[in-house]
Amino acid sequence: MSIYKKNMEVFQKWNPDLAKVIDLAARKKAVTVTDTSSLQKSAQIVVDGRTVWVHSSVNPEQEAKRIVKNLNTKEILTYFVLGMGLGYVVKEILKQKIPKAIVVIVEPDPGIFKDVLQMVDMRWICYNPSIIFYCGEPVKIAAELRRIFLTSLFFLLSNVDFIESNYIRQVYPEWAKEARFQIQNAIRNAFHSIGNDVEDTIVGLRQIFQNIKVCLKSPGLRSLEKTFSNTPAIIVSAGPSLKKNIHLLKEAKGRALILAVDTTLRTLLNAGVVPDAVFSVERVPEVYEYHFKNLEIPDEVVLVALPVVQSAVFESVKGPKLIGFRQNEELSEWVNISFGNKGVFLIGGSVAHQAFSFARFVGADPIIFVGQDLAYGEDFSTHSEGTVYAGQKWDKAMSYHPEHEIHWVPGYYGQNVPTNMHWRDFITWFENQIALTTAKCINATEGGALIKGAENMPLGRVLKRFCQQDMKESLLFKIPTITLQEQEVTKQYLLEQIIAKEKNFLKAADYAQLGIENFSSVKAEVCYANEKDAKELLKEVSHKNTTYLEKICSDRVVVHFTQPVLNLTMTRMNYLGLCDEDVSKMWRALQYQQAFFAQVKEIALIVANELKKIRKRLEKLELNEEELYGPPGL
């Protein structure tokens, strides 16, 4: 059996998706493996007629030792190796035996790596649980990286380092720059998305159950999966460029799904365009006040919303309501299952992201963006004419705040355009998701920022090319009715889930109390013990604390509510680095843990009490035929 077949046999078991990418890649035949004067293997890569050494041409092992020696191996827990070559640097990092550390290998070209697999045994990569491997374009790598965010490895990302191989610096400098940006941006967004306000999460829980009747009556997003396969969908956002082509949207009515973000609803109706659906995600009162209040909304308009939005928003829309929950958010996913699995969205940070996820879920193709500037207009306006935000502009006086600082990004027409931090993150989200989307994506904004992966095309041309056939059936008639009996069954199941969750939060409070008492019980003894005995005492406390933490974290919804506190604690401990042989560091780490347990206990008791209130209200809730389509709320 050839070296390549031996490599691929193991890679296919370890990571089938990666193995497929490598196997389908065209061999570059650009890598040459040679023996150096020190009798070690090195490699050369030929690109555009230029030969570059991948490692040292004399002693690759010594070179790797020198690189790793300069790394902060006492504090850094995650190493991104851009271009591993034959793996010398990766092996040297692993030799350091850094507890909990992971090595993320990022390769620019599967064809180059395929060359390596033809000549060198690389199976050792697959046998090490500390290694993660990605290959390809930075945007796709960043999207795949998000899988880490759903595991315990997430907290190791609070302290990372990048190592670039020689050939990456010389042959792929732009790829390396983009890879760093995409990875760092993905990490920053992930930490931001977990939230920093426990009270905010509790308010969200309350708001969901204020809309209990809507949730029970709604058939949910899941009922529409693939119901509009190969039907065009136009997502209408409120960017400054909307004024350029809003008049054309009338031509798309009945020939494409017109999906409006809530900010554009009033503008569209005033322009004589009735959307098939309007989307809403924010729970703040301003959403109703600005976008729905005193607005005559045709009955054919479907409201697609998260259940956290204000009850007044649901009441203002007389047509059907579709409920969906935020994907990859533990509280939302638990509530979704408790309501009988209504369906989940990948929301991102904006209502346009919600609309995109909906279009993808129902099978729409192509997915067309209109008004999706994600950048300031030529006059630095923030939104389109006709919206409640019309006339708002960026002002230099705002630039002192990081959120409003100007960032320049590639524009729709090639030139750089001004945007801000949030819109730049929204662009990244779209680019990541488009990279994972099979449907054709078209940017018909005719202005604003470039969205990589979406084809730029004027809306007029889009309509002529993709929107000439009438849809077989409108969204309105695709939505099923939930019977009263079905609602009663869901209500009883929901009650069971709330009772069980209330008990779990009380258990979490009990384990947190044990953690508080654990450290307190040995404080005095440690102070008078010699260094050896102190270490043993603190290690024992740490071991018990780990057990209590595992018990608390066994319920993902409990983790969701305590996530900000857990994030802060883990980040602090990561910055301490290795603690096992340093009494002062061990002491500080346990102080952090004790503070964590105290906060967790308080949070768990508050949430348990909140669930108790919801349970009592739900037990009193009565459903009847008259209320089947009545106003929401308890």
**Rounded FRET efficiency, nearest 0.05, which uses the C-beta distance separating Glu405 from Gln327 and R0 of 25 Å** = 0.25
**Fill in**
From DSSP H assignment alone, runs of 4+ in the chain each adding -39500 (n - 2.57), the sum over residues rounded to the nearest 500 puts [θ] at 222 nm at -15000 deg cm²/dmol
**Complete:** FRET efficiency (Asn530, Arg588; Cβ distance; R0 22 Å; to 0.05) is 0.70
**Asked** What does the accessible area of Val47 come to, in Å² to the nearest 10, when a probe of 1.4 Å is used?
**Response** 40
**Item:** Cys215 accessible area, assembled protein chains, probe 1.4 Å, Å²
**Value:** 0
**Fill in**
Filtered hits (lysines, Cα-Cα < 17 Å from Lys620, offset >= 8 within chain) -> Lys213, Lys491, Lys612
**Fill in**
For Glu251, placing the label point 7 angstrom along Cα-to-beta-carbon and taking region 430-451, residues whose amide nitrogen sits under 19 Å are 442-447
**Message:** How large is the accessible surface of Asp200 in square angstrom, using a 1.4 angstrom probe and rounding to the nearest 10?
**Reply:** 80
**Message:** Just want the answer: with Cβ charges of +1 for Lys and Arg and -1 for Asp and Glu, which residue in Ile258, Pro219, Ala101 is farthest toward the dipole's positive end in the chain?
**Reply:** Ala101
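Place a +1 charge on the Cβ of each Lys and Arg in the chain and a -1 charge on the Cβ of each Asp and Glu, then give the dipole magnitude about the Cα centre in debye, rounded to the nearest 20. Spell out each step's value before the answer.
Details: 75 positive and 73 negative charges, 243 e Å.
Around 1160 debye, computed over the chain.
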**Asked** Out of these labelled values of volume of the Cα convex hull per residue in Å³, (i) 319; (ii) 156; (iii) 188, which was calculated from the coordinates shown here?
**Response** (iii)
**Request:** May I ask you to list, by number, the DSSP H helices of the chain whose Cα span along the axis is at least 24 Å and whose average Kyte-Doolittle hydropathy reaches -0.5 or more?
**Result:** 484-520, 556-576, 583-620
**Message:** I need the phi-derived Karplus couplings for region 384-389: 6.51 cos²θ - 1.76 cosθ + 1.60, θ = phi - 60°, integer Hz, Gly and Pro marked x.
**Reply:** 6, 4, x, 8, 5, 9
**Item:** Ser223 paired with Lys539, simple spin-label distance in nm, labels 7 Å along Cα-to-beta-carbon
**Value:** 6.0
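Once the Cβ-Cβ distance between Lys613 and Glu455 is put in as r, and R0 is 60 Å, what FRET efficiency do you end up with, to the nearest 0.05? Could the numbers behind the result be given before it?
Values: r = 51 Å, r/R0 = 0.85.
So, using R0 = 60 Å, E works out to roughly 0.75.
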**Prompt:** Over region 221-347, what relative contact order in percent results from Cα pairs under 8 Å that are six or more residues apart?
**Reply:** 20
**Cβ crowding within 10 Å averaged over residues, with 125-133, 354-362 ranked highest first** = 354-362, 125-133
**Asked** Modelled label-to-label distance, Glu61 and Glu174, 7 Å Cα→beta-carbon offset: nm?
**Response** 3.9
**Item:** Over the chain, relative contact order from alpha-carbon pairs under 8 Å, at least 6 apart, %
**Value:** 14
**Asked** Which lysines, on any chain, are close to Lys226 with Cα under 16 Å apart, when same-chain ones fewer than 8 places away are left out?
**Response** Lys342, Lys440, Lys472, Lys478
**Approximate spin-label separation Ile499-Leu514, in nm, with each point projected 7 Å along Cα-to-Cβ** = 2.5
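The values are calculated or read from the model by the stated rules, or taken from the named source; none is laboratory data. No experiment lies behind these values; they were computed from the predicted model shown. Cβ coordinates were reconstructed from backbone atoms using ideal geometry, including for glycine residues, and neighbour counts include every protein chain displayed. Each accessible area value is taken on the protein alone, full model and side chains, heavy atoms only, with ligands, DNA and RNA left out. Shrake-Rupley method; radii C 1.70, N 1.55, O 1.52, S 1.80 Å.
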